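Here is the structure we will look at.
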Amino acid sequence: MSEEALVLKDVKKVYRTQTEEVQVLKGINLTIREGELAVIMGPSGSGKSTLLSIAGGLDKPTEGRVVVGGVDITDMSEEELAKIRARKIGFVFQSFNLVRNFTALENVMAPLIFTGLYTWKEAAEIASKMLEVVGLKGHEHKFPGQLSGGQQQRVAIARALAPGPDVVLMDEPTGSLDVDSAVRVLGLVKWLNEALGQTIVIVTHNPELSELATRTFYIRGGLIYEQPPGQILAERIKELKGGAGSRELKSLQLSMLKVKLEALERAASRGVADPGVIEAELKALERRISRLEKLLA
Amino acid sequence: MSVLKLALKFVERDILFKKLVAALTILAIASGVAAFISLRILGIGSRTAAMQIVEQVLPGEVLVYGQGIYDVSEDVVRDLEKLPGVEKVTPAILVTGYIGRNSVFVLGVRPEDLKNIVSRYVAGSPFTGLSGPYAIADLGLAEKLSLKVGDKVAVKPPFGGSFRQYEVVAIAEVTMKIEEIAAAGGYIVLPLREAQNLLGRPGYVSMAVVKVAEGVDPVAMKNLISLIYPGSRVMLREEVIGVVFKVMSLIESLLLTTTMIGIMVAVFGTVSTITSTVREHQREIAIMRANGALRRDVALIFMLEALVYGVAGGLLGVVFGILGAQVGINIVASFGFLNPPLILDVPSLVLGFLMATGLGVLSSVYPVWRATSIRPVEVLKSE
Ligand SMILES: Nc1ncnc2c1ncn2[C@@H]1O[C@H](COP(=O)(O)OP(=O)(O)OP(=O)(O)O)[C@@H](O)[C@H]1O
Ligand SMILES: [Mg+2]
């Protein structure tokens, strides 16, 4: 199974200011498949954040099409995009990722709540499991100000993953961390990709991150180039580990997925969301659950 | 509604994080509401008091005056009594006079009408004859001139140098405060004949108060009396009350202007608080939008915050308003004319509360619009 998690088709982006017109992206073609960890590198100002914002439905391309998890989001309205972001896309930014007025747990719950599919209790359950997955058990009720930079990034990662998105987009996720915390966070990212099969796209100007990647890209002059594979992966990652053991993680994940399944089935029976969308998500969930059950058996 | 709960958490922390600003905002709203409520309560109390006084004091629905100050003949009183539909006619004299250098109201009534103007005897007992050198002093006057029962007072009419002496037989609370509502000075109540003699106008009174029989229209009675006595001035009790109320509403409208200023301050305070909250959380709003929050989810948060300020300000305003009204009532009562009751007029309280919540939410419209206009792509900026 290698479905396409994210597809950019000939995406162009022109920024117009009063004085000039900057063409930042000049025709980006990119396909990220399920389970990949793609790192996109490029110098400052090359358009990495621009690319990410378009891929995540935060901004519109001037030309071209964007498909996330099989859904073409190019022509969607702002509100439709918000709903898509809640369910299908996770974001991790460089810093100040969290809402200061929410605890770690509530930060992770927020996107789940915004989907409108989960009750408070369900969202809290999923979120606390997700925090356990990223190794922050016991920190649920702390506010962002009471967490270290690295811990904050872990919360952000938990938040991005909680709704089970098709793709998680990260913009310099370790850009403001010290080396040690950065290594730990990157270890977590790699591990989540491998253990959960979570599709992740990281943009960065730090070439070291390419060592994590299953695929590496360069962006330059508004165009994207793939670097041929063949490099040693992840050897310098010292701590390829989250907060739980591999078997433990799988059972955690299984219980999370079951909560989601329940919520989705309820949503489907009540007709809260578009039945087509729910149908597809239900199928995907059931597939993941049966796979996990087989692994655990 | 989990979104509501999430929004409530946000608001709760926000208010706790900036205690002082939140407290000041609530206080601003509360003071506006309190001004409104206390003035309403005071106004209603004063009107009620005034109405009670006028109704108590005027033992009839129609008042008949002469052209001058006291030229209604007692014959007229008798004639009026014979008119069909008239139940009772009360003649009275009400003029200003002097005791020493102090101006006083001289009130002449028949002993049987005393019950209509005296609400309570503090000391002594009333006179019983139509004449005789006896007087009842108003409580305020007695205090001012330190009069006691048994004292002799010399009362001068408004003109001329003559005076007469009367013995104070009682100290009482006098409620005859019709037209001279705002005038200073106390009352000295004399038997009707004595008052006529003092003024040198035997057989004349300054007004006759006509009580109509049951089922008779006071307006018809007024018209009838005007027809028979074209030279007289005839007023309905309601018109007297109307005059009192007109003065009161003038005062009230001046005070309401003050209230409006208070409310504008409240609105301004709320707008600026919510605006600065939105600015403070600009990045977090963008983050939440990136995480799938709809515009209405963002709107909910900041409207809720405004609503909390409005509700808290409204409740506090109601309490302050009632306290303020009590203070106002004490001040008015200390002038000695009116003793307004504290009427907790529920519509006013509810209106004040709703005004606070409504204004709170209304004040948030512009900042909320700003908040919902923050584009999610802004999370990528200003890092
Ligand atoms: N809203 C905008 N209006 C005009 N120009 C913009 C806008 N946003 C970005 N740009 C320009 O587009 C180019 C690419 O910006 P972008 O933020 O995507 O770069 P980046 O690769 O993420 O850089 P960095 O590594 O510094 O984060 C820059 O030259 C920038 O000035
Ligand atoms: Mg960038």
Report summary line: Note on residue A:70: of the conditions (1) more than 16 Å from ligand 1 (Cβ to nearest atom); (2) surrounded by 18 or more Cβ atoms within 10 Å (Cβ to Cβ); (3) among the small types (Gly, Ala, Ser), unmet is (2)
Requested in this report: Answer with yes or no whether residue B:90 is closer than 23 Å to residue B:204 by Cβ and either surrounded by 18 or more Cβ atoms within 10 Å (Cβ to Cβ) or free of Cβ contacts under 8 Å to residues at least 60 places away in the same chain (or both).
Outcome: yes
**Report entry** Residue list for the stretch B:309-319, filter: touching a helix residue (DSSP H, G or I) at 6+ places or on another chain (Cβ under 6 Å) and surrounded by fewer than 21 Cβ atoms within 10 Å (Cβ to Cβ)
**Finding:** B:311, B:316
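Sort out which residues of the stretch A:75-101 are outside any helix (DSSP H, G or I) and more than 16 Å from ligand 1 (Cβ to nearest atom), and write them in order of number.
Within the stretch A:75-101, A:75, A:76, A:77, A:89, A:90, A:98, A:99, A:100, A:101 qualify.
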Query - strands (runs of 3 or more DSSP E) fully within the stretch B:98-155 counting 3 or more residues that are in contact (Cβ under 8 Å) with a residue 60 or more places away in the chain - result: B:102-109
Report task. With a cut-off of at least 1 residues that are out of contact with any helix residue (DSSP H, G or I) (no Cβ under 6 Å at 6 or more places or on another chain), over 25 Å from residue A:249 (Cα atoms) and within 16 Å of ligand 2 (Cβ to nearest atom), name the strands (runs of 3 or more DSSP E) lying wholly within the stretch A:147-225. Result -> A:200-204, A:215-220
Requested in this report: Please identify the pairs in which a residue from the stretch A:195-219 that is within 23 Å of residue A:11 (Cα to Cα) and away from every other protein chain (no Cβ under 14 Å) has its Cβ atom under 6 Å from the Cβ atom of a residue that is more than 16 Å from ligand 1 (Cβ to nearest atom) and modelled with pLDDT under 85, counting only partners at least 6 apart or on another chain.
Outcome: A:216/A:227
Query raised in the report: Just a yes or no: is a residue in the stretch B:244-259 more than 14 Å from every other protein chain (Cβ to nearest Cβ), among the acidic types (Asp, Glu) and in a helix (DSSP H, G or I)?
Result: yes
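Given the structure, is residue A:39 within 14 Å of another protein chain (Cβ to nearest Cβ), among the β-branched types (Val, Ile, Thr) and touching a residue at least 60 places away in the same chain (Cβ under 8 Å)? So that I can check it myself, show each step before the final result.
Working: within 14 Å of another protein chain (Cβ to nearest Cβ): no; among the β-branched types (Val, Ile, Thr): yes; touching a residue at least 60 places away in the same chain (Cβ under 8 Å): yes.
No; evaluated as a whole, the condition is false for this residue.
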Query raised in the report: Given the conditions (1) outside any loop (DSSP other than H, G, I, E, B); (2) within 14 Å of chain A (Cβ to nearest Cβ); (3) small (Gly, Ala, Ser), and given that residue B:293 satisfies all but one, which numbered condition is not satisfied?
Result: (1)
Requested in this report: Say whether the condition of being away from ligand 2 (no atom under 16 Å from the Cβ), away from chain B (no Cβ under 12 Å), β-branched (Val, Ile, Thr) and out of contact with any strand residue (DSSP E or B) (no Cβ under 7 Å at 6 or more places or on another chain) is met by at least one residue in the stretch A:47-65.
Outcome: no
Query - Whichever residue in the stretch B:341-383 is within 16 Å of ligand 2 (Cβ to nearest atom) and β-branched (Val, Ile, Thr) and, among such residues, is nearest to the other protein chains (Cβ to nearest Cβ) - result: B:377
Query - Residue list for the stretch B:278-290, filter: within 16 Å of residue A:110 (Cβ to Cβ) and either away from chain A (no Cβ under 12 Å) or basic (Lys, Arg) (or both) - result: B:283, B:289
Query raised in the report: Regarding residue A:25, is this residue more than 16 Å from ligand 2 (Cβ to nearest atom) and either under 16 Å from residue B:380 (Cα atoms) or aliphatic (A, V, I, L, M) (or both)?
Result: no
Query raised in the report: Do we have any residue at all in the stretch A:102-109 that's among the small types (Gly, Ala, Ser), touching a helix residue (DSSP H, G or I) at 6+ places or on another chain (Cβ under 7 Å), in a helix (DSSP H, G or I) and at the interface with another protein chain (Cβ under 9 Å from one of its Cβ atoms)?
Result: no
Query raised in the report: Restricting attention to the stretch A:83-93, does a residue exist that is more than 9 Å from chain B (Cβ to nearest Cβ) and aliphatic (A, V, I, L, M)?
Result: yes
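Could you run through the stretch A:85-100 and say how many residues are surrounded by fewer than 21 Cβ atoms within 10 Å (Cβ to Cβ) and either touching a residue at least 40 places away in the same chain (Cβ under 8 Å) or within 22 Å of residue A:3 (Cβ to Cβ) (or both)?
Matching residues across the stretch A:85-100 total 3.
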Report summary line: When restricted to A:79, A:122, the only residue at the interface with another protein chain (Cβ under 8 Å from one of its Cβ atoms) and either more than 16 Å from ligand 2 (Cβ to nearest atom) or of a type in the set (Gly, Ala, Ser) (or both) is A:79
Query raised in the report: Only one of (1) over 24 Å from residue B:17 (Cα atoms); (2) within 12 Å of chain B (Cβ to nearest Cβ) is not met by residue A:131, so which one is it?
Result: (2)
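From the set of residues in the stretch A:1-16 that are within 16 Å of ligand 1 (Cβ to nearest atom) and more than 14 Å from chain B (Cβ to nearest Cβ), which is farthest from residue A:224 (Cα to Cα)?
If we take residues in the stretch A:1-16 being within 16 Å of ligand 1 (Cβ to nearest atom) and more than 14 Å from chain B (Cβ to nearest Cβ), then A:16 is farthest from residue A:224 (Cα to Cα).
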**Report entry** Index of the failed condition, residue B:342 passing every other in (1) surrounded by fewer than 20 Cβ atoms within 10 Å (Cβ to Cβ); (2) more than 16 Å from ligand 1 (Cβ to nearest atom); (3) in a helix (DSSP H, G or I)
**Finding:** (3)
Report task. Considering every residue within the stretch B:199-215, establish whether at least one is assigned to a helix (DSSP H, G or I) and surrounded by 15 or more Cβ atoms within 10 Å (Cβ to Cβ). Result -> yes
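The values are calculated or read from the model by the stated rules, or taken from the named source; none is laboratory data. These figures come from a predicted structure and were not determined experimentally. Please note: Cβ atoms are built from the backbone with ideal geometry, for glycine as well, and neighbour counts cover all protein chains shown.
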